[in-house]
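The numbers here are math on the coordinates, done by the rules we state, and not lab data. A quick note: this is a predicted structure, and the numbers were derived from the prediction, not measured. Virtual Cβ from ideal backbone geometry, glycine too; neighbours counted across all protein chains shown.
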């Protein structure tokens, strides 16, 4: 359990929230 | 047989025994997901955060989200009344939550909230402190350490300038604030252990 954030599903939420921003970013 | 998840972000500290652990976790996840998304939005608003690599942004948020939430929601812990108010508005006594097996972690959270609250930070000082907390998170997995250190240095300088310019006679506040950073790391570890223990053996 060296990566609690992944085990608790936190990383997935964080990545999705960050990706939303990246999708909005102009090329 | 009732299952306990006494986090202030949860809708209720105790779920009926008939509810499965997975169902309870999914319900809890729906409660904390908006708060986590808000931390991500807050991070994006920190000048310089989005210039970091996406991987480093993720790593800082992974290790710092709970710490930011702890600072943000420390006013939910009332040290005088010894109560915790959940986000749904329901207030529980520390004694009742302790009886549910949440003693050690809650005691540490109360202690932290009391210490931070006693510093009397203004909202903009608190926001800048949360930015420092996030960028001071565990360096584990960070690729561009130099960029993160530079951002951290800039944020700490900004916090020091804001606090010392506003309270030139109080030279103790800024160091007292920095002393809360290791407290938050310890709380973060305790909190992760508690949640992981629930996931393994609710």
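See the values below:
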| item | result |
| --- | --- |
| Meets criteria (away from every other protein chain (no Cβ under 14 Å) and either touching a residue at least 60 places away in the same chain (Cβ under 8 Å) or touching a strand residue (DSSP E or B) at 6+ places or on another chain (Cβ under 9 Å) (or both)) for residue B:69 | no |
| Number of positions in the stretch B:130-187 that are closer than 21 Å to residue B:119 by Cβ and either outside any loop (DSSP other than H, G, I, E, B) or touching a strand residue (DSSP E or B) at 6+ places or on another chain (Cβ under 8 Å) (or both) | 33 |
| Any chance residue B:15 is more than 14 Å from chain A (Cβ to nearest Cβ) and either loosely packed, with under 15 Cβ neighbours inside 10 Å or out of contact with any strand residue (DSSP E or B) (no Cβ under 9 Å at 6 or more places or on another chain) (or both) | no |
| Candidates B:18, B:27, B:63 - the one that is free of Cβ contacts under 8 Å to residues at least 60 places away in the same chain and either in a helix (DSSP H, G or I) or under 17 Å from the mean Cα position of the chain (by Cα) (or both) | B:27 |
